[in-house]
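Here's the structure we're looking at; comments come further down.
Read-outs throughout are calculated quantities, based only on the coordinates presented, and are distinct from any laboratory measurement. Just so it is clear, the structure is predicted and the values come from calculations on it, not from any experiment. Cβ placement follows ideal geometry from the backbone for every residue including glycine, while neighbour counts extend to all protein chains displayed.
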Amino acid sequence: MSFLDSLFGQSKKKDTPITSILPQDIYEAGVLELKDIIAPSALKISPRELNLGDKIVRTFFVISYPRFLSESWFSPIINLDKIFDISIFVHPIETSAVLHQFQKKVAEVQSQIHTREEKGMVRDPMLDTAFQDLEKLRDDLQQAQEKIFDVGLYISIYGDNDQELDKIESEIKSILEAKLVYVKPALFQQEQGFRSILPIANDELKVHSKLNSSPLSSLFPFVSFDLTSDRGILYGINRHNSSLVLFDRFSLENYNSVTFAKAGSGKSYSTKLEILRTLMFDTEVIVIDPEREYEFLAEAVGGRYFNISLTSEHHINPFDLPVPREDESSSDVLRSNIVNLVGLFRIMLGGLTPEEDSVIDRAISETYALKDITPDSNFTAIEPPLLSDFELVLAGMEGGESLVQRLSKYTKGTWSGFINKPTNVDINKKFAVFSVRDMEDELKPVAMYIVMHYIWNAVRKDLKKRLLVIDEAWWMMKSEDTASFLLSLAKRGRKYFLGLATITQDVEDFLKSPYGLPIITNSSIQVLLKQSPSSIDEVQKTFNLTDEEKYLLLESGVGEGIFFAGLKHVAIKIIASYTENQIITSDPHEILAARQAKAKLAEDNATTN
C-alpha cells in the first residue's frame, strides 16, 4: 500500500489513519510506487490546517452567494498572485425533482403573502422578491432554458507559516465578501477538504449551494488579464492564455514606453518589430541608433539613414531655429533655443560655473544678433550662425578666454567636422534613423543631444503622429542636461502627437539618474524582458513585482517578459512572421546566412548573364 493510497482514501485498510503510515510500512511492502516518490515527507492534520511537508495548507468552502452574480466576479481570485488550488464540483439535479420542490416552495411563499394581506400587515419586499424569483426560475426550468445544480466551491491556500496563511486568507475573504460571497474554513475536515482539492474528482466535503445555469457559468475559471484592444498593433502573445496582446500606444494617457532588458534578450528585435508594424498605421518613426542595428530596416522600408560621426557627410547645426508655430512668437522660440544651447555647451565643455553660464548665455544672444536674429525679427528666411561665429563673439567677451580654449577642439581641432557646418539632413520620410555608432564615446551624449534637439524642432514644426525611439538610452542618462531634455520630451511629447520609446539594457545606470524614475512614471507602456541577476532586485522594487514575476524575468527566454499597459500587465512572448524576421533579425548567424545567400544569388545572376 502506497502513502498516497491512504491520502486519496483508496486504502483497503479503511480503519488505518493517515498519520500511522510510516516509511517502514513502504519498506516492508517491498514496492515503491510513483505515488510514494511524489508524496510529502510528512503529514500532520490539525483542526484548521494540514502540515504537508514544508508547507501548510488550509482549505475553505463557499457557503453563501448573493442574489445576482455578475460576469467575471471570480476573476480577481483566479488572477491572484498567490499559490492556491481551486476545485469546483457541479452535480446536476433532475429538473422534475426540482420542479416538485419549487411547487411546494412557491405555495409556501404565496401563503405567507396572503396571510400578511389578510392581517392588514405591511407588504414584505423580501417575500415579494422571493416569489418573483421563484416564479421566473420555475418558468425557465419548465421551458428547459435553465437547469439546477448542486455546486461545491473549495479553495486551498498554501504558506510557509501561519502568519502568511492568515494574510492570504484575509485577502481572499475581503475580495469575496466585497461581492457578498462568504467562505468558511473546513474545521475538523481539513483532511477531507484537501482530498477534495486533489485532481481526482472526489468531493468529500459535500458542502453545496444550489445554482442555476446562468450564475454557474460566471463561476468557470476561464478568465485572465488580457490586453486585447479593437485597434492597434500586435506586440505579442499572452503567455498565460495565448490571447493577442494588441494595443495602440496613441490611445493611452501618454504615448511613451520604456523597455528594460539584458543584452541578447530581444529588446532591439521587439522594438524593430513594433516599428515595422507601426509604419503600416500612418505613423512616422524616428530612431536614434547607437549600434547601427536599424540600417537594414531603413533600407527595407525606404527610409532615410544618417550616420553621425566626426568624418560623416551628415551635419546638424545646433544654432538652427525652428519656424514658430501659430501659437508661438519669435521671442519664445529664440528664448527656448538659447536655453537648449546653454545645456549643450554645458555638456560639450564638461560643466559650467554660474559665471561661465552667464557669459555663454550672453554670447549666444549676441551671436544671433550678428545675423539680425532678435526676439522682434522674422528669422524664418535668415541663415543661422555657426559654432565658429559663436567662438568669435565669445573671444571678444570678458571672461570668455578659458571657454574659447575649451571650445576650440570643436571648431579647429579633431572634432571640428562634427557640428561646425550647416545642416544638410532632412527627415521628411516616414522612417528616419540617426546612427551614432561611429561617434567617439566621449561625444555620444553631445551627438544624441544635438540630434534630439533637431528632431524636437521638426516635431514642433508639423503636427503629425510620430514615434521617437531612443535605443541604449543610458547614454542619455550620463549627463544631467541630456537626461533632463529626455524627461521634457516624455512630458511634452503628447501635446505634439509624439510617442517616446526609451530602450536600455543598463537598468542601474538609468535608475541612478534622478530623471530615470520620472521617465518611467511618464510612460504608459513598460516592457520588461529577461533581466540579469545583478539588476533584478532594482527592477522588482521599481515596478513592484511579485517574487513569481521576478523569477519569470530571470528565467524568460529571448523575446519573453512582462508587458505593462496602464494598470494591467501580462506575461508576453514576442513573435514575428518569417518575412518580418528576415528584415529585423539581429542574430549574427541569420545575418551571415542572409548575406551569403544574397552573394550567391548575385553570383548566379552574373554567371547567367
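The table for this structure:
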{"read-out": "Derived scalar couplings ³J(HN,Hα) [region 189-195; Karplus, 6.51 cos²θ - 1.76 cosθ + 1.60; whole Hz; x for Gly, Pro]", "value": "10, 5, 5, 5, x, 5, 5"}
{"read-out": "Using a Förster distance of 22 Å, the FRET efficiency for Leu127-Lys147 (Cβ separation, nearest 0.05)", "value": "0.30"}
{"read-out": "Ratio Rg/Rh [Cα only; Rh per Kirkwood] for region 461-609", "value": "1.09"}
{"read-out": "Assigned charges on the beta-carbon of Lys, Arg, Asp, Glu; the chain dipole about Cα centre (debye)", "value": "1180 debye"}
{"read-out": "Paramagnetic reach from Asn79 in region 508-535 [backbone N under 19 Å; point 7 Å along Cα→Cβ]", "value": "524-528"}
{"read-out": "Kirkwood-Stokes translational diffusion coefficient of region 317-422, alpha-carbon pairs, 20 °C, 1.002 mPa s, µm²/s", "value": "152 µm²/s"}
{"read-out": "For region 492-525 versus region 46-65, the gap between their alpha-carbon centres in whole angstrom", "value": "45 Å"}
{"read-out": "Of His315, Val507, Thr283, farthest towards positive along the dipole that unit charges on Lys, Arg, Asp, Glu beta carbons give the chain", "value": "Thr283"}
{"read-out": "Spatially proximal lysines relative to Lys82 (Cα-Cα < 21 Å; intrachain offsets below 8 disregarded)", "value": "Lys55, Lys167, Lys173, Lys179, Lys184, Lys541, Lys550, Lys568"}
{"read-out": "With Cα atoms, 0 to 90° folded angle of helix 401-411 axis to the chain main axis", "value": "80 degrees"}
{"read-out": "Semi-axis lengths (Å, descending) of the ellipsoid that matches the C-alpha gyration tensor of the chain", "value": "67, 31, 24"}
{"read-out": "Three principal axis lengths of region 114-180 [C-alpha, angstrom, descending]", "value": "61, 35, 15"}
{"read-out": "Volume per residue that the Cα convex hull of region 542-589 spans, once the total is divided by residue count, Å³", "value": "119 Å³"}
{"read-out": "Cα principal axis extents for region 368-410, largest first, Å", "value": "34, 21, 11"}
{"read-out": "Along principal axes, Cα extents of region 468-507, largest first, whole Å", "value": "29, 19, 12"}
{"read-out": "Cβ-derived FRET efficiency at R0 22 Å, Ser46 paired with Ser174, nearest 0.05", "value": "0.35"}
{"read-out": "Nonlocal amide H pairs with Gly159, under 5 Å, H built at 1.01 Å", "value": "Ile56"}
{"read-out": "For region 306-368 versus region 416-434, the gap between their alpha-carbon centres in whole angstrom", "value": "16 Å"}
{"read-out": "Percent of alpha-carbon pairs separated by more than 24 Å within region 190-299", "value": "52 percent"}
{"read-out": "Region 467-582: relative contact order in percent, alpha carbon pairs under 8 Å with at least 6 residues between", "value": "22 percent"}
{"read-out": "Signed unit charges on C-beta, dipole axis of the chain, positive-most listed residue Ile168, Ser111, Leu52", "value": "Ser111"}
{"read-out": "Sequence-distant residues sharing a close amide H with Phe431 (under 5 Å, placed H)", "value": "Val285, Arg304"}
{"read-out": "Calculated P(r) tail over 18 Å for region 301-350, as whole % of Cα pairs", "value": "54 percent"}
{"read-out": "Vicinal HN-Hα couplings computed from phi for region 432-438 (Karplus, 6.51 cos²θ - 1.76 cosθ + 1.60; Hz; Gly/Pro x)", "value": "9, 10, 10, 9, 10, 4, 7"}
{"read-out": "Spacing of the two label points (7 Å from each Cα toward its C-beta) at Tyr578 and Tyr551, in nm", "value": "3.8 nm"}
{"read-out": "Under the Karplus curve 6.51 cos²θ - 1.76 cosθ + 1.60, θ = phi - 60°, whole-Hz ³J(HN,Hα) for region 324-337, x wherever Gly or Pro sits", "value": "x, 6, 4, 9, 10, 9, 4, 5, 5, 5, 5, 4, 4, 5"}
{"read-out": "Helix-only [θ]222 nm of the chain, DSSP H runs n ≥ 4, -39500 (n - 2.57) each, per residue, nearest 500", "value": "-12500 deg cm²/dmol"}
{"read-out": "Relative contact order (%) - criterion: Cα under 8 Å, at least six apart; region: region 317-422", "value": "30 percent"}
{"read-out": "Other-chain or far-sequence residues with amide H under 5 Å of Thr228's (modelled H)", "value": "Leu246"}
{"read-out": "Among beta bridges that DSSP assigns inside the chain, antiparallel share in %, nearest 5", "value": "60 percent"}
{"read-out": "Sequence-separation-based contact order of the chain, relative, with Cα cut under 8 Å and 6+ spacing, percent", "value": "16 percent"}
{"read-out": "Label point at Glu253 placed 7 Å out along Cα→Cβ; residues across region 514-535 whose backbone nitrogen lies under 13 Å", "value": "521-525"}
